[in-house]
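Accompanying notes for the structure given below.
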Amino acid sequence: MIVGLIEGTHKYTWNQALKAAEARGHCLSLPYGLIKVASQQRIYTEPSMSQIFADCPRRAVLGYLIDHFVSPEACYFMNFGTLVHNALAQVDFNTWITLREQKLCHRLPSGLYVSGTPDLYEYKTAAVTDYKTTRTSNKTWPRAEHVGQINGYAWLYTQEGLPVRRLVIFYLTFFNFVPYLIAKWSEEKILAELNRRAPVIAAAYKDFVVPPQCPPGHCNTCQVREFCQINCPEGRFQLAEKWVSPMVKERASG
Ligand code: SF4
């Protein structure tokens, strides 16, 4: 879990950062409001589609299991995503009837629960929309993990009894937005992917076993790199209990 801000030798828990910002108007260049937004993270109790289809499952797991700090820059960008999503969630879609930012949770045939919070579902068109904020345009759009994630959302909606006819991902940079129509996977394909991936995340949350790392190329900006046993690239490893967040331990034992 992200527990605060770090810059050089300066480290602030969220509470300390908020107190500092109250006194001075900012902490490590971030104003009170942005620190408050960042400190209110969404906490999942079961594997979510974003974790299940993460480009590096090891990063998704370590980011959840270990209390760690983020740089003001990373925090600012996290907030950019949150603010854009919050703004879009307020849009008046006129006569369309929509579901927005609603958490869905369903059980796989194996008995494991998986969840997700899609950005938008439109009843009129049976379309699922997901917004992705990103710093710059990228030739790898639409990214494989986002294609999996939105297909996971489609599966969750069908479990709710809602039809899904169209999947759209919008990539939003600081300068533009780019929409992509995404091919819908068959039920067999999505279930095969969920059955293969979700237990890895669930086991990590329960027993603190860290999954294999991702292919090279994602590590430079990784916030949990110091905890990733890079020289254990192939297999899983057991995370020492001393590194596991007290809140995660409490949840795992309950
Ligand atoms: S350092 Fe690389 S392999 Fe390790 S968790 Fe981060 S992104 Fe994944």
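A few points about this structure:
- Qualifying residue in the range 163-176 (condition: at pLDDT 90 or above, over 21 Å from the mean Cα position of the chain (by Cα) and charged (D, E, K, R)): yes
Every residue, every condition in (1) free of Cβ contacts under 8 Å to residues at least 60 places away in the same chain; (2) of a type in the set (D, E, K, R); (3) surrounded by 18 or more Cβ atoms within 10 Å (Cβ to Cβ); (4) assigned to a strand (DSSP E or B), yes or no:
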position: 64; (1), (2), (3), (4): no, no, yes, no
position: 83; (1), (2), (3), (4): yes, no, no, no
position: 87; (1), (2), (3), (4): yes, no, no, no
position: 92; (1), (2), (3), (4): yes, yes, no, no
position: 105; (1), (2), (3), (4): yes, no, no, yes
position: 109; (1), (2), (3), (4): no, no, no, no
position: 121; (1), (2), (3), (4): yes, no, yes, yes
position: 124; (1), (2), (3), (4): yes, yes, no, no
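- Of the helices (runs of 4 or more DSSP H) lying entirely inside the range 135-254, those containing at least 3 residues that are more than 16 Å from the ligand (Cβ to nearest atom), of a type in the set (Val, Ile, Thr) and at negative phi span 144-159.
- Any hit, the range 19-30, residues being touching a residue at least 40 places away in the same chain (Cβ under 8 Å), surrounded by 19 or more Cβ atoms within 10 Å (Cβ to Cβ) and out of contact with any His (no Cβ under 8 Å at 6 or more places or on another chain): yes
- Selection within the range 108-124 - in contact with a helix residue (DSSP H, G or I) (Cβ under 9 Å, 6 or more places away or on another chain) and either of a type in the set (Phe, Trp, Tyr) or over 15 Å from residue 201 (Cβ atoms) (or both): 109, 113, 117, 118, 119, 120, 121
- Filter pass, residue 44 being under 18 Å from the mean Cα position of the chain (by Cα), under 25 Å from residue 247 (Cα atoms) and either assigned to a loop (DSSP other than H, G, I, E, B) or modelled with pLDDT of 90 or more (or both): yes
Rundown of residues vs (1) within 30 Å of residue 154 (Cβ to Cβ); (2) in contact with a Cys (Cβ under 7 Å, 6 or more places away or on another chain); (3) acidic (Asp, Glu), yes/no style:
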| position | (1), (2), (3) |
| --- | --- |
| 3 | no, no, no |
| 20 | no, yes, no |
| 51 | yes, no, no |
| 59 | yes, yes, no |
| 67 | no, no, yes |
| 72 | no, no, no |
| 80 | yes, no, no |
| 83 | yes, no, no |
| 88 | yes, no, no |
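- Among the residues making up the range 141-178, those that are loosely packed, with under 12 Cβ neighbours inside 10 Å, closer than 22 Å to residue 85 by Cα and of a type outside the set (A, V, I, L, M) are 174, 175, 176.
The values are calculated or read from the model by the stated rules, or taken from the named source; none is laboratory data. It should be emphasised that the depicted structure is a prediction, and the values quoted were computed from it without experimental measurement. FYI the Cβ positions are ideal-geometry reconstructions off the backbone, even for glycines, and counts take in every protein chain you see.
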